[in-house]
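Step one of this worksheet: look at the structure below.
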Amino acid sequence: MIRTVLFVDDDQILQRAVEKGCAAHGAQFRLIFANDGFEAVKKLDTCSVSLICTDLVMPRMDGPSLLAHVREHYPDIPVIIISEMGRDQVEHLITAEGVAGYFKKPFQVEKLSAKILQLLQEEASGGIMQRISPSTFMQLMEMEGKTCTIRMLDSHSGEGGILYLAEGKLLDARVGRQTGVNAAYRAFSCDEVTVFFRNECGQREDRIQSDLQALIMGALAAKDERGESAAVYRAKATAAPDPVAGIAGGDDPATSSSGSAEPMPASETGSSDPGALLRSKLSGQDSIEAIFFDEKIAAATEKLNRIGEQSAFGPLKAAQITDSRGKNSILVPGETPTVIVGGAGLTVGKIMKLLQEEQ
């Protein structure tokens, strides 16, 4: 998998010279170009970049402003500074966190290419694995208790992000500017990836706070629910103004054509239907915003069950999906697959405990 280097400079002649001089290394990296920091920010939002080379004096958004943006949103991407100014003039920038090199104009493109290759090699100092399932790879890292920083690139689209692990636990993820659980979901939703990892991970806040199995299941559920079904799900999850109305109200979106959302007592459906049991047990709790079932998600739960059985996890009991606002939704399979929408305190663990108490 070829990694991407972003070259930022408004000198078109220099851009062409660098492109031509680096062509011999096309098997290791590709160059994309931006004329100033403003264009670079847009490129970073849409491309998975391993390294940035930037001038300092540019129109609209200059190099120092771009460096500040990178430190805030992409602290894992190293930067090489290229400038006509002498080292003594830019020493405060050269020694800043995240800056990995400095070239004074004019410079030899061959030396820049060598520096780029060196930094890309450091990014993969722990090894490279190609065409592997991200969930399988993460299970290996968990079993080995690895502490590492991982760049994961989709084998088909080239899109990807960064994962941070300490002693086998996933602490944080970044895809574009998105971080945390949602970024991990996006990374795990890839079918096959190429992985570059180095055996170190700086001190990171634990933004994930979830075990690996729940993340994998949540990512697969999110992937399967994209498109129209995802839009329907979001509408249901946010439209019910009252927990009781979300269960029994005939006009609420949560009672749409996917099935009746009226709660069914456990005695009518039997303990084999955990969704019905949960609707009867949780409907009066203030922390629950909505409870509804949707036949459209039955296919997704069946796929998750098959994946769980094939990977020795066992059949799906529940899956947790956390949105960017920290709101949790729990998917529970059964004869009538149930979605429970609640606050940050709602977790798969609490749902599983309730089900176990009723067995």
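Before moving on, here are some points about what is shown:
- Region 105-123 residues near the modelled Ala96 label - backbone nitrogen below 13 Å, point 7 Å along Cα→Cβ: none
- Inter-probe distance in nm under a simple model that places probes 7 Å from Cα toward Cβ, at Glu122 and Glu302: 5.2
- Cross-link pairs beyond the 27 Å C-alpha cut-off, checked among Lys104/Lys146; Lys43/Lys223; Lys20/Lys43: Lys104/Lys146
- Surface composition of region 8-144: carbon and sulfur atoms hold 52% of the protein heavy-atom accessible area at a 1.4 Å probe.
- Rh by Kirkwood over Cα pairs, then Stokes-Einstein D for region 56-128 at 0.692 mPa s and 37 °C, µm²/s: 246
- The residues packed around Gly160, meaning those with a beta-carbon under 9 Å from its beta-carbon, carry a net charge of -1 if Lys and Arg are +1 and Asp and Glu are -1.
- Charge sum, other residues only, whose C-beta stays under 13 Å from Ser210's C-beta, Lys/Arg counted +1 and Asp/Glu -1: -2
- One chain, two ends: Asp11 and Ser65. Fully extended at 0.36 nm per residue, the span grows by 17.6 nm beyond their Cα-Cα distance.
- Net charge of the neighbourhood of Val193, taken over other residues with C-beta under 9 Å away and scored Lys/Arg +1, Asp/Glu -1, is -2.
- In order along region 40-45, phi translates into HN-Hα couplings of 4, 4, 5, 4, 5, 5 Hz, rounded to whole numbers, per the Karplus curve 6.51 cos²θ - 1.76 cosθ + 1.60 with θ = phi - 60° and x for Gly and Pro.
- Part-to-part distance (alpha-carbon centres) for region 79-116 and region 131-178, which is given in Å: 30
- When Rg and Dmax are taken over the Cα atoms of region 112-185, they come to 13.0, 39 Å.
- Spherically averaged projected area of the convex hull of Cα atoms, region 1-100: 6.3 nm².
The values are calculated or read from the model by the stated rules, or taken from the named source; none is laboratory data. Values in this document were obtained by computation on a predicted structure and should not be read as measured data. All Cβ positions, even for glycine, are placed from backbone atoms using ideal geometry, and neighbour counts span all protein chains on display. Surface accessibility is based on the protein's heavy atoms, side chains included, excluding ligands, DNA and RNA. Shrake-Rupley method; radii C 1.70, N 1.55, O 1.52, S 1.80 Å.
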